[in-house]
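Trainee: A single structure is presented below for examination.
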Amino acid sequence: MYQIAKEKLPELFRKITQTQELYLPVEACGQVNYAPWSEDAKVDLDTLKTVKSAKDAFFPQSENLYTCYRDGKKISITPEALQEQPFVVFGMKSCDLRGVEVLDKVFLADPVDTFYAARRAHGTIVAMACHEPEDSCFCKAFGIDCANPKADVAIWMTGEALYWKAQSGKGEALTELVKDLLAEAADGEEKVDAEKARIHKIAEALPYMQLSLDGWGKDVLEEKFNSPLWEKLYRPCLACGTCTFVCPTCQCYDIKDYDTGHGIQRYRCWDSCMYSDFTMMAHGNNRTSQMQRFRQRFMHKLVYFPANNDGIFSCTGCGRCVEKCPQSLNIVKVIKAFAAQGGKTNE
Ligand code: SF4
Ligand code: SF4
């Protein structure tokens, strides 16, 4: 276990960026999101949740796949280079780490998504314990420990110091790189244990932390799918897609072509199952009503995904949808509405 004074963090960031890109929470226009570090970046490690999760680091909101050039009758295709330079993501929380686990299940399964796989292979995650869990958090419901992040390096901020613990080969390598800025923390374990206890105490008292997922999972497909509750629940939904764009586990994307004038730029960008043109095909859309689209989002997270992935839910309890939905709709509301019915399919 090592420690570094908070005031020395700019030096740490400078040292890392001598050899690789560094992404961390940065404030811009009143919002905190992951962005590359620079000398004038307004780093904000105090805000608990970035507006968007850290998933952009591995699955960017938009990325080029390949470019077609046309020169008369000659056409050439140039694939986009994979991200094969090392980089560091600093400050991720335990809920966003689970988000990456979920993305791994999707993008690293056969057929492997080479763009995502390259980023995962070259990214080192420095994860931070949640110093002040908030009312909208419910990670515990998914078995996530917000005080004990499992990543290449785990860090805890206490008072004026930051405690640093490497937990993987990549974490050891990064520690070696910045070692001259770190000091051995003789009382580190003790300080971190006290910090974990403090965080757990806050988390235990939060309103949604004890949310029960009883009645969800792989064996309730027909019962949940056919419930008349969806008809009631979906009505305020504006189909704005905000919930999907802030979510660390949502992984739907569209592939589009941009006419460059002398060829085509093919790129992919995040999409949302809440949109009426999502997965539009020549014959139309499989889901023809907003109720069906709304139901799909929650059925996928709470039933279909665990059914296909050893029981893992595709929600991390990060609470972003709780905070950001303009209509106050969210996964907690859905879970509670079904719980209030005692799992019955009829009201
Ligand atoms: S953020 Fe709310 S209103 Fe917007 S699509 Fe999601 S559930 Fe619907
Ligand atoms: S569904 Fe909501 S609470 Fe769950 S991971 Fe997505 S944004 Fe977070």
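Trainee: How many residues does region 238-267 contain that are closer than 26 Å to residue 309 by Cβ and either hydroxyl-bearing (Ser, Thr, Tyr) or within 16 Å of ligand 2 (Cβ to nearest atom) (or both)?
Mentor: Selection size over region 238-267: 13.
Trainee: Moving on. Scanning region 317-328 for residues that are surrounded by fewer than 21 Cβ atoms within 10 Å (Cβ to Cβ) and of a type outside the set (Ser, Thr, Tyr), which turns out farthest from ligand 1 (Cβ to nearest atom)?
Mentor: Restricting attention to region 317-328, the residues satisfying the condition of being surrounded by fewer than 21 Cβ atoms within 10 Å (Cβ to Cβ) are 323-328.
Now narrow it down to the ones that are of a type outside the set (Ser, Thr, Tyr): 323-327.
On the way: 323: 10, 324: 6, 325: 3, 326: 6, 327: 4 Å.
Among residues in region 317-328 that are surrounded by fewer than 21 Cβ atoms within 10 Å (Cβ to Cβ) and of a type outside the set (Ser, Thr, Tyr), the one farthest from ligand 1 (Cβ to nearest atom) is 323.
Trainee: Being touching a strand residue (DSSP E or B) at 6+ places or on another chain (Cβ under 8 Å), at pLDDT below 95 and at negative phi is true for just one of 69, 34. Which residue is that?
Mentor: On inspection, the qualifying residue turns out to be 69.
Trainee: Shifting gears a bit: Going through 39, 7 one at a time, which residue ends up being more than 30 Å from residue 320 (Cβ to Cβ) and outside any strand (DSSP E or B)? I'd like the intermediate steps shown before the answer.
Mentor: Working: 39 fails: more than 30 Å from residue 320 (Cβ to Cβ).
Checking each option against the conditions leaves just 7.
Trainee: Contact list please: Cβ distance under 7 Å, first residue in region 318-329 and more than 17 Å from residue 206 (Cα to Cα), second residue more than 6 Å from ligand 2 (Cβ to nearest atom) and aliphatic (A, V, I, L, M), pairs at least six apart or on different chains.
Mentor: Correct list of pairs: 326/238; 327/238.
Trainee: While we're looking at this one, here's another question. Can you confirm whether region 205-216 contains a residue that is within 16 Å of ligand 1 (Cβ to nearest atom), modelled with pLDDT of 95 or more and in contact with a Phe, Trp or Tyr (Cβ under 9 Å, 6 or more places away or on another chain)?
Mentor: No, region 205-216 has no match at all.
Trainee: Please tell me if residue 251 is within 20 Å of residue 330 (Cα to Cα) and modelled with pLDDT of 95 or more. Reasoning before the result, please.
Mentor: Working: within 20 Å of residue 330 (Cα to Cα): yes; modelled with pLDDT of 95 or more: yes.
The answer is yes for residue 251.
Trainee: May I pose another question? Condition first: more than 22 Å from residue 320 (Cβ to Cβ), surrounded by 16 or more Cβ atoms within 10 Å (Cβ to Cβ), more than 10 Å from ligand 1 (Cβ to nearest atom) and at pLDDT below 95. Can you find one or more residues in region 265-285 that meet it?
Mentor: No, region 265-285 contains no residue that is more than 22 Å from residue 320 (Cβ to Cβ), surrounded by 16 or more Cβ atoms within 10 Å (Cβ to Cβ), more than 10 Å from ligand 1 (Cβ to nearest atom) and at pLDDT below 95.
Trainee: Can you name every residue in region 264-307 that is in a helix (DSSP H, G or I) and free of Cβ contacts under 8 Å to residues at least 40 places away in the same chain?
Mentor: Once the filter is applied, which keeps residues that are in a helix (DSSP H, G or I) and free of Cβ contacts under 8 Å to residues at least 40 places away in the same chain, region 264-307 yields 292, 296, 298, 300.
Trainee: Let me ask something else about it. Name every residue in region 143-168 that is outside any strand (DSSP E or B) and crowded, with 18+ Cβ neighbours inside 10 Å, in order of residue number.
Mentor: Across region 143-168, the qualifying residues are 144, 146, 147, 149, 151, 152.
Trainee: Here's a follow-up. If residue 314 satisfies all but one of (1) farther than 18 Å from residue 231 by Cβ; (2) away from ligand 1 (no atom under 16 Å from the Cβ), what's the number of the condition it fails?
Mentor: The single condition residue 314 does not satisfy is (2).
Trainee: Scanning region 27-51 for residues that are of a type in the set (A, V, I, L, M, F, W, C) and in contact with an Asp or Glu (Cβ under 6 Å, 6 or more places away or on another chain), which turns out surrounded by the fewest Cβ atoms within 10 Å (Cβ to Cβ)? Don't jump to the end; show me each part of the working.
Mentor: Just the residues of region 27-51 that are of a type in the set (A, V, I, L, M, F, W, C), to begin with: 28-29, 32, 35, 37, 41, 43, 45, 48, 51.
Narrowing the set further to residues that are in contact with an Asp or Glu (Cβ under 6 Å, 6 or more places away or on another chain) leaves 32, 48.
Values: 32: 21, 48: 19.
So, considering only residues that are of a type in the set (A, V, I, L, M, F, W, C) and in contact with an Asp or Glu (Cβ under 6 Å, 6 or more places away or on another chain), the one surrounded by the fewest Cβ atoms within 10 Å (Cβ to Cβ) is 48.
Trainee: Hey, can you tell me all the residues within region 100-123 that are in contact (Cβ under 8 Å) with a residue 60 or more places away in the chain and of a type in the set (Val, Ile, Thr)? Can you show your working first?
Mentor: Quick first cut of region 100-123, residues in contact (Cβ under 8 Å) with a residue 60 or more places away in the chain only: 100-103, 105-107, 119-120, 123.
Correct list: 100, 102, 106.
Trainee: Hey, any hits in region 203-217 for a residue that's at negative phi and either assigned to a helix (DSSP H, G or I) or more than 27 Å from the chain's Cα centre (by Cα) (or both)?
Mentor: Yes, some residue in region 203-217 is at negative phi and either assigned to a helix (DSSP H, G or I) or more than 27 Å from the chain's Cα centre (by Cα) (or both).
Trainee: Please work out which residue is nearest to the chain's Cα centre (by Cα), limiting yourself to region 228-258 and to residues that are within 15 Å of ligand 1 (Cβ to nearest atom) and among the basic types (Lys, Arg).
Mentor: Looking at the filtered set, the residue picked out is 235.
The values are calculated or read from the model by the stated rules, or taken from the named source; none is laboratory data. Small disclaimer: the values here were computed from a predicted structure and weren't measured. So basically every Cβ, Gly included, is an ideal-geometry build from the backbone, and we count neighbours across all protein chains shown.
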